[in-house]
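One structure below.
All of the numbers you see were taken from the coordinates with simple rules; none came from a lab. Source: prediction; values computed, not measured. Methodologically, a virtual Cβ is constructed for each residue, glycine included, from the backbone with ideal geometry; neighbour enumeration extends over all protein chains shown.
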Amino acid sequence: MESVSLTVEDIVDLLRAEGSDVSGIEAKAAHKGYPQDLAPTLSAFGNMPGGGVIVLGLDERSGFGAVGVYDAADAQARLAAQARNAVEPPLQVSFTAGDVEGGTIVLARVRELPTTDKPCEVTATGHAYLRSYDGDYPLSELERQGFIANRGVARHDQAPVAGAVRDDLDEGLVATYIANCRSRSPRLASMPDDEILRSTRVVTRDGVPTLAGIYTLGRYPQTHFPTLSITASVAARPGDPVGTRSADIAHFDGPLPELLDQAVAWVRRNTATRVRFGKDGHGRDEPEYPTEAVRELVANALVHRDLGPHALSTRVTMTLRDDRLVITNPGGLHGLTVEQLGAGTGGSARNQSLYDISKDIRTVDGRRVIEGIGSGIATVRQSLREAGMTPPRFVDAGIRFTAIVPEHALLDPQDLGWLAALAGSDGLTDTQRHVLAAMRHGESWTNRSLRDRFPMDSTEARALLTDLVERGLADALGEGRGRAYRLSPTPAATFQFQVVPTPVKRPKHGDRVLQILADGPRSTRDLVDVTGLSERQVSYTLRRLREIGDVDVLGGVGQRETVYRRIDSDLV
């Protein structure tokens, strides 16, 4: 978790820009005494991948003003004692103190527990916690069992399936699987069919199909395990009628290779194609989400999902939003961290038997479900990079794992040429390149709007935008939650060709709302009444107008007295 390595000043800036606690940081005022409710937060950070940071001396109610801690030495001693005695197992905590605006701020960096010791529980209640966006929530009993199951080497995939028999396996899939096993292994090539199935743990020594065997080669695995399946849905999009929840809800069943094929086809069916120009200058229709990336991510979710009894009430899920594809599976990473994904650092498979079997099963097009050489995530990143898209984001919550693939337009040739001629652009990430291209067309960014468009946490968003400022490519305007980032006028002198500005792309109802706001500030309810639009449409339009710098807000979002004001510019 990147927040653990931030300085005192960085964390103060981050919280003020965000306007609330974030998943890896919990702030307490602590100027009148030691806070009494830290045990659940300590438990949550001990259970979360990467741990977290407790900040003493910042008051969230005053926009994270630096009120200072009542006594830095005493606060550190009390928190260290709580980390030893108020939770079980004890936690390791390190401290940093700094002066901010005349007040002393204390950072307590809480280290994640080893997997073998989780879950961390509050001693007084026996409850264990995890961290949500800005708070702690108690683990359910199933989630607790998931942590306990992860303490050792999982062998759930090798367990015999109660009530299953050899005839529950699909003979066509089995025949292909056996042929593939024989072709890659001289030892297996000399064995009878049934011995191959026993040796590769498709069936037990008694001939009963294992969970892995049923899941990959079964006629209908859902007879025994209904949740070895995928639920997919298209989320409601901006402009949909009020009350719209989702569309094209689909439930995929069958053995694992068929689940994979159905999921990839569903994504293609529910997304558009776009023209992409290759190096030869010819345009080609390509999927909105590269098929190779989708295939690898779905395969990972199916093969590495948790198969323990505690997790068999949960399906793999896929959601298509207006700007991203989200794939979630039960069970967090096993044997590696998010930072190590695709880096060639190795790791261990959660379901070793399932993993091994999947290397020898094929989808309809004859491809292996997985290659078995640890190249899946690297392939995802490469295919997205080749399509001009930003890398995926991965979120490990310990008991579930989520892959997020942002969707956005490809950079056009003019933008690419502009970026290439831009001084200080060497080493920019793909996301930064897209951010600058949008700035070139008049768009401004905030920490929030960046995270909405390119899924990431507040820490990453702040680092990305700050880097653009330090390179001299962007200017930061305003403070706290109102800070916005726009293209710096300085880079214009580095262009070697004439850049023709393009009009700012406003939302569908943007001009209409701006005309009304020309007569003075209005609340969301006023705009709904005057325009006849739904509250959802008005809220979306205002958010987009704020992002591009046409509107600002007076008051707090969601408060009754809040109104929106038009910012005069030549574009209006």
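Annotations for the structure displayed:
- Ordering of 298-306, 111-119, 519-527 by packing [mean C-beta count within 10 Å, highest first]: 298-306, 111-119, 519-527
- For residue 28, distant residues with modelled amide H under 5 Å away: 55, 56, 57, 58
- Cα-projected label distance for residue 420 with residue 132, points at 7 Å along beta-carbon direction, nm: 4.9 nm
- Answer label, with volume of the Cα convex hull per residue in Å³ calculated from the coordinates and candidates (1) 179; (2) 223; (3) 250: (1)
- Selection from 77, 65, 41, by position along the positive dipole direction of the stretch 17-84 (Cβ): 77
- Inter-probe distance in nm under a simple model that places probes 7 Å from Cα toward Cβ, at residue 187 and residue 204: 2.4 nm
- Förster radius 30 Å - calculated FRET efficiency between residue 441 and residue 563, Cβ distance, rounded to 0.05: 0.60
- Length available on full extension from residue 85 to residue 166: 0.36 nm per residue minus the Cα-Cα distance, which gives 23.9 nm.
- Pairs of C-alpha atoms in the stretch 510-566 farther apart than 19 Å represent 12 percent of all such pairs.
- Chain lengthening between residue 368 and residue 111 when straightened (0.36 nm per residue, less Cα-Cα): 88.6 nm
- Beta bridges by DSSP in the chain, antiparallel share as percent, to the nearest 5: 85 percent
- Dipole magnitude of the stretch 510-566, debye to nearest 20 (Cβ charges: Lys/Arg +1, Asp/Glu -1, about Cα centre): 120 debye
- Tensor-based shape of the stretch 1-104 (alpha-carbon gyration tensor, a/c under 1.5 rounded, otherwise prolate or oblate): oblate
- Database remark: amide H of residue 522 closer than 5 angstrom to the amide H of 564 (H placed geometrically; neighbours at sequence offset of 5 or more, or on other chains; Pro and chain starts carry no H).
- For the stretch 3-53 versus the stretch 438-459, the gap between their alpha-carbon centres in whole angstrom: 23 Å
- In straight-distance terms, cross-link reach from residue 508 covers every one of the aspartates and glutamates whose alpha-carbon lies under 13 Å from its own, apart from those fewer than eight places away in the same chain; here that gives 240.
- Only Lys, Arg, Asp and Glu carry charge here, each on its Cβ (+1 for the first two, -1 for the last two); on that basis the chain has a dipole of about 720 debye about its Cα centre.
- For the chain, adding -39500 (n - 2.57) for each run of n ≥ 4 DSSP H residues and dividing by the number of residues yields -9500 deg cm²/dmol at 222 nm.
- Counting charges near residue 224 (Lys, Arg +1; Asp, Glu -1) among other residues having Cβ under 15 Å from its Cβ returns a value of -2.
- Remark: the residue 452-residue 375 segment gains 24.8 nm on full extension, using 0.36 nm per residue and subtracting the alpha carbon distance.
- Summed residue charge, Cβ within 13 Å of residue 101's Cβ, Lys/Arg positive, Asp/Glu negative: -4
- Computed packing ranks the peptides 441-454, 382-395, 176-189 as 441-454, 382-395, 176-189, most packed first, by mean other Cβ atoms within 10 Å.
- Interchain or long-range residues, amide H under 5 Å from residue 325's placed H: 405, 407
- Förster radius 45 Å - calculated FRET efficiency between residue 529 and residue 37 (Cβ-Cβ, nearest 0.05): 0.60
- With contacts taken as Cα pairs under 8 Å at a separation of at least 6 residues, the stretch 64-162 carries a relative contact order of 22 percent.
- Ordering of 250-263, 61-74 by packing [mean C-beta count within 10 Å, highest first]: 250-263, 61-74
- Sequence-separation-based contact order of the stretch 510-566, relative, with Cα cut under 8 Å and 6+ spacing, percent: 40 percent
- Dipole axis of the chain (+1 Lys, Arg; -1 Asp, Glu on Cβ), positive-most option in 126, 391, 25: 391
- For the chain, averaging the sequence separation of C-alpha pairs within contact (under 8 Å, six or more residues apart) and dividing by the residue count gives a relative contact order of 10 percent.
- Summarising the label geometry, the points placed 7 Å from Cα in the beta-carbon direction at residue 250 and residue 77 lie 6.3 nm from one another.
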